[in-house]
Every structure is written in structure tokens, then in C-alpha cells.
Amino acid sequence: MEITRSTPLTQFPGVGEARAKRLEKLGLTAAGDLLCWYPRDYEDRRRVYTIREAPLEGRVCVAAMAAEHPRLSRIRTGLELVQVKVVDHTGALHLTFFNQSYMERAIRAGEEYIFYGAVEEQGRRRTMVNPVFERTDRQSFTGCIMPIYRLTAGISNHLLASLTRQALPCAAGAAETLPQHIRQEYQLAAAEFSIKNIHFPESEEALALARRRLAFEELFYLAVGLCFLKERRDQGGAGRTVPLRPKEEFLALLPFSPTGAQSRVMDETAADMASGRPMNRLVQGDVGSGKTAVAAYAGWLCARSGHQAALMAPTEVLAEQHFRSLSALLSPAGVRVGLLTGSMPAAEKRRTRAALAAGEIDFVAGTHALISDGVEFAALALIVADEQHRFGVAQRAALAAKGGESLPPHVLVMSATPIPRTLALMIYGDLDVSVIDQLPPGRTPVSTYVVREDKRQRMYHFVRQQVSEGRQVYIICPAVEENPDAALPGEESPALNLKAVKTYAEKLQREVFPDLRVDVLHGRMRPREKEAAMSAFASGQTQVLVSTTVVEVGVDVPNASLIIIENADRFGLSQLHQLRGRVGRGSHPSHCVLITSTRSREAMERLHTLASTTDGFRIAEEDLKARGPGDFFGSRQHGLPQMKLADLSGDMRLLSQAQQAARTLLEQDPQLTRPENRPVLERVRQLFADTPDIFN
Ligand code: ADP
Ligand code: MG
């Protein structure tokens, strides 16, 4: 059979309808798809050992001959055992297969095989359980560097590898999608070589070359796409002009004077909005640096000139808080503030939507419900996305389209997640960046302690002491996130954890703090209950708030001075830093207690890192090192096309080379209209297929 890229997998021997369905789950339907399904890892199966020499750690290949006919036995109902002794000139190896009765016939006495598995030793007896094997004269998945693929139920690695091997010949015709001069300049391997070697590397060197080329390719197309986005914006039509106003008018509403950094960023934002071109600005500032004031200022400017503004938050709790504080701040100045979240009662939502469409709300706070269909604005001039890392390129593009036939709104993205520079460049390559690098005066750094379970009583004592001084306390339990995809590593079922939060709060109230006002907050509560719990805490009525991580971002109660985080080792460092940022927002000395019963030294070290620094950037970098960017941003939360090979945190040099190559190419051929650049344009189109409007 002649295999081309479009040959359906159903034409491959051994792929029936059932398997084809399962492969389709992985997005694999044709031969060409297999070639793009890169291994997630490799096993070096090149070295073949004798039985005596085989090392006892890891899985290894051993060549040996079956010395007998395999024996099948049933020890218990449902458990079948096949045992067979294999030998070479150095000794014997005893194989056991569980519940694979067909092995009785698959191995023949006198035949030579290569077995791949973990060798164990009991006394002088060497054993191997459930090895994979093949005949020495028909080696295909031993004696080589074996690719390890991401799998799905019913599809084994072995099957996927053998299908891919069969599909490999069609790599020969692989069109070279990178322009020749770029390949030369950056010394990149050819497409065919790279595809072959990413799957079945001839050597470590060949694998490194293949990976570099393919990772470069990913980064290059991404960079070209982002250049397009930026280009489109730079030449892009006009934005709504929001005229400047005397800043003092706004500052008179604020209960404090802005820091120098806040003031500077306010000016940058105002200048952008007055420029006549659409603003696209990222405001970065560590937790507590006072980003809300900047958003409020920008929204106020819009309202004053008869425009509308929207502030979008990642959680309902945060959206409601913004609604409360914006109302308090801006209503006295006549700004009409509204709220729109997904779980508001339908009638209320309808009313808010109507008011937005009629221009009767000037400034609306809300969740992603704000960019859902059916929300129309009379004169939307500004969108602020708070805590951006859940708000990426695609959402920005969707929003830009909200302008409809009228002019696109200005976009202000605010983030406390300190993004390492290279990563920011990639994700926000098309944004201008402002940094609030200063905390409001009078803050004392939060003291952080790592403690073990045995200090629990002392800690409760500490809670009491803080409360007696008039302060308030958060106690955080790891539990359901509002986004179920973002469940914590090692977490059991959300239901279980939810119960844990509630029962823990009840127990605390009953047995430990009967005389204090203890309340509970979690993401699955009804919006009204959540709102009530949050405002009771904000107003000081509740003294101890037992909560899940719904308070993680943005929640602001300056009187809270102590946060206790249970099972702290289950959280990522950046997340802990965010949680810690809930205290130390006022002038009171504040504390963060990390409780853990972990035995892992590594986990302890991470917690101590957090205790020793309050530098968000350092913490983010540690996190990135330990967990990789995938975790850092949650699943594709950055909204960028997914990278298969390139590691956004690690391949910094490659990243800057790819960006440089993209820029050079676009300087020579800005619209990629030259015939030799067509393939590049095609690939970028595919990559950004989910991002509306990039090419218009
Ligand atoms: P974040 O950057 O984390 O969003 P917020 O905007 O919530 O920070 O501000 C944190 C706290 O600091 C709030 O209680 C806010 O009122 C207060 N704050 C902000 N700016 C100043 C300032 N310049 N002086 C004093 N307090 C400030
Ligand atoms: Mg905030």
C-alpha cells in the first residue's frame, strides 16, 4: 500500500473501526496526523544486556532464549499466571505474566527473544514481570531509541509507534515549510530528517537536531502570527478618543494619594486612550501594588466623556468586590456602576444587559459573562481584564470584535502574576507594558512561617490573639476551584474537598472558636451566599473566614492580618504568593502560616523559598522551574496556540532567534505574498485558526 499524508488510518493493517474511533480521540485520523503527534518522551532501548549484566534499576533489554514451554496457572479466580524460564550463557531469568494467558502460546521453547522490562533480584534468582518482547530476528521496538507517546484508553504505545513507523515514508515528501535562507542562517535541520528523527531518533545528536528544528518552527510561526497582530493594531484604524481630564478631579475621590508608580501608569493609560488609536496595555504589579485604582481612573475617564467601560474579573467573588468598591468610589461622582455575572438570576441579568445596551450603566464589573453573546453596549470604550492570566490573545481578539461596526474598545490587562520577561514577550508580544514597581507606603512585609501539624494548637492561639486585637483571619483549605479543570495536583474528588471545607468550618466554630464569628466561603455557593459571606467579612462582621482558593486573586480586605494555609504543599508557589497577598494590605503587621505534613524534602524547600522572599518575580521563576509553564498558566489559559515541543520557559535563546527570524522575514515581505513564503502564511493561518480576525 502506498501511504500518503492523507491515507486514512482505517487503511492501516490492524486498525478497525473501534481503534480508529479511539485514535480519533487523539485527533489522529490520517497518516499525516501521526507524524505531527510527537513523542512526549523516549526510552533508550539500544543497549541489549546479558542476564547477569542487566542492571537492576530502570527498564532494560535482555536477550535470551526460552528454555521451556510457558506454564499457565490460575492462582485465584480471575488471576492467571504465565511463567517461563529464559536463559543465556550467563544465567537464567524467570518471567511472569499476569492475566495475559495468550503468552502461553506467544513464547516458544528454543526461540530467541529480546525482553524489555525491569530486572529484579531475589537472592540469586533474577526475575522480570510483564516484559514486552519480540524475536531477535524481528526487532522493531527494541535495539533503538523508542518514542513514548501520549495515549488514550485502548491505544497502546506499541500500536501507536508501529503505526507511526508505517507512516514514516510519507515524511519524504514533507514540504519544507521554512524558507531556505532561514534554515541556513539558524542552522536548522531539514523537515524530513526532523520528522523521522523526532519519532525514531538514530542517535541522541539526531534527536537534538530534530527537536531544535521543530521547536524553532513552532516558535517561528507563533512569532510571525504575533507580529501580524501587532502590525494590524499599529496600522489598525482609529479607536474611540477618550479626552483627557484634570487628574485631580479623580484623585479627590480616592481615599489615599497614589504612589509615583500608580500615577505614572495612570498617565500612560490616559494618554493611550486619548491618542485616537486603540490601547492595548498590560499593567503588571505585584499583589497589593494598587492596580484597581488605575482601572478605576481609566473607567472614570470613559464615564466622564459619555463612554462605557467594563471591568472583567476571573471569579464572581472578585467581580462582586470590584462592583462594591467601584460603586463606593465613583457613585459620589455620578458614575453609574453595574454588575454582570453568569450566575445572577436571569431577570437581573436581563435588566443589566438592557441597561448596558441603553447606555444607562457607565461602568460595569463582571465575569466572562461580559464577553458572552447577547451582551451589547451602547458605547463601549474600554475593557479592563483584571488578573489577566486567564485572558489571552483569543479573548482579546473576541473583545476587539465587540466594537462591532463602531470603533474597537481600548484594552487594559492587569496582572499580579509576575510573568518572566520572555514569556510575557510571547504572550503579550502585541501589548505595551506598564509596571507598578512600588507598594503603597506603610506596608510591612508579611512574615511567613512553615509549620507542622503539631503546632496546630499554638496556631489557634495566634488566631485568637489577632482577633482580640481587632484583626481578621483567613483559613484556606485546598479545594474546588471555580474552574474544575484547575483542580490541584493530588486532589481527590471536588465533592470530598467541598465537604472538607464545610465540616472544617463547622468544627472550628463548635470546638475551637465557639465565641468567635466563623464563616465559610467556597466557589460552589450560590452567588447571593457568596456575596453575603464576602461582604460580611469585608465589613468586619466575620472574624475568621474559612475559604477555598476563591479568595486567591484580588480579594481586598485591609483589616485581615493573618492567613493560614492548610496543606500548603499542595499549592504552587505563585498561588501561595497570591494567597499570601490577601494580607499585608493595610498598615497592620501581617502573617502567613503555611501548614504542612509533607515528608518530601523538595516540597519543604519550596515552602521555605516562599517564606524567605516576597519577590513575586523570584517566586514565579522558581515555580516555572519546578512545574513548567503549562501548570503556571493552567491549561492554555494564556490563549496562545499550543506548543508541542517548544518549552516557553526553557528555550529562551531559540525563542529570540525565532522572533528575530520572523521580524526579518516580515520586513522583506510584510504580507507574505511572495510565492516562496506562501507555506509560511498557510501555517500561521492554521496555527491561529481559533483567533478571529488576525488576517483582516
Ligand atoms: P492589587 O494591585 O493587588 O489589585 P489593590 O488595587 O487591590 O491591589 O490595592 C490593595 C490595597 O491597597 C487596597 O486596599 C487599596 O485601597 C490600597 N491602596 C492602593 N493604592 C494605595 C495607595 N497609593 N496608598 C494607600 N493605599 C493604597
Ligand atoms: Mg487586584
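The values are calculated or read from the model by the stated rules, or taken from the named source; none is laboratory data. Being a predicted model, the structure only gives us computed values, none of them experimental. Please note: Cβ atoms are built from the backbone with ideal geometry, for glycine as well, and neighbour counts cover all protein chains shown. Just so you know, the surface numbers come from the protein's heavy atoms only, side chains and all, with ligands and any DNA or RNA stripped out. Shrake-Rupley method; radii C 1.70, N 1.55, O 1.52, S 1.80 Å.
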Only one of (1) at pLDDT 85 or above; (2) among the basic types (Lys, Arg); (3) surrounded by 12 or more Cβ atoms within 10 Å (Cβ to Cβ) does not apply to Arg510, and that is (3)
Does region 296-305 contain at least one residue that is of a type in the set (S, T, N, Q), open to solvent by 10 Å² or more (accessible area, probe 1.4 Å), under 27 Å from the mean Cα position of the chain (by Cα) and over 17 Å from Ala328 (Cβ atoms)?
no
Check whether at least one residue in region 225-244 is open to solvent by 50 Å² or more (accessible area, probe 1.4 Å), at pLDDT 90 or above and not β-branched (Val, Ile, Thr), and report yes or no. yes
Among strands (runs of 3 or more DSSP E) entirely within region 89-181, at least 3 residues that are of a type outside the set (D, E, K, R) occur in 91-98, 112-122, 125-129, 145-148
Taking region 310-331 and the residues there that are in contact (Cβ under 8 Å) with a residue 24 or more places away in the chain and more than 16 Å from ligand 1 (Cβ to nearest atom), the one that is surrounded by the fewest Cβ atoms within 10 Å (Cβ to Cβ) would be Glu316
Of (1) in a helix (DSSP H, G or I); (2) under 28 Å from the mean Cα position of the chain (by Cα); (3) crowded, with 18+ Cβ neighbours inside 10 Å, Ala208 satisfies every one except (3)
Picked from region 555-585 (must be within 15 Å of ligand 2 (Cβ to nearest atom) and out of contact with any helix residue (DSSP H, G or I) (no Cβ under 9 Å at 6 or more places or on another chain)), the residue nearest to Gln321 (Cα to Cα) is Pro558
Subset of region 551-588, residues within 16 Å of ligand 1 (Cβ to nearest atom) and more than 23 Å from Met414 (Cβ to Cβ), comes to Asn559, Ser561, Ser587, His588
Only one of Ala532, Ala611, Ala603 is part of a helix (DSSP H, G or I), of a type outside the set (D, E, K, R), more than 24 Å from Lys291 (Cα to Cα) and free of Cβ contacts under 8 Å to residues at least 24 places away in the same chain, namely Ala532
How many residues of region 460-504 are open to solvent by less than 20 Å² (accessible area, probe 1.4 Å) and either modelled with pLDDT under 90 or farther than 16 Å from Val546 by Cα (or both)? The answer is 7
Out of (1) under 29 Å from Asp44 (Cα atoms); (2) at pLDDT below 90, the one Arg212 does not meet is (2)
query: Can we say Ser406 is open to solvent by 40 Å² or more (accessible area, probe 1.4 Å), polar (S, T, N, Q) and either in contact with a Leu (Cβ under 6 Å, 6 or more places away or on another chain) or modelled with pLDDT of 85 or more (or both)?
result: no
Checked Ser194, Ser263 against criteria (hydroxyl-bearing (Ser, Thr, Tyr), free of Cβ contacts under 8 Å to residues at least 24 places away in the same chain and farther than 30 Å from Ala309 by Cβ); the one match is Ser194
Of those in region 110-141 that are modelled with pLDDT under 90 and among the small types (Gly, Ala, Ser), the residue least open to solvent (accessible area, probe 1.4 Å) is Ser140
Inside region 269-292, the number of residues satisfying the requirement of being within 16 Å of ligand 1 (Cβ to nearest atom), surrounded by fewer than 22 Cβ atoms within 10 Å (Cβ to Cβ) and in a helix (DSSP H, G or I) is 1
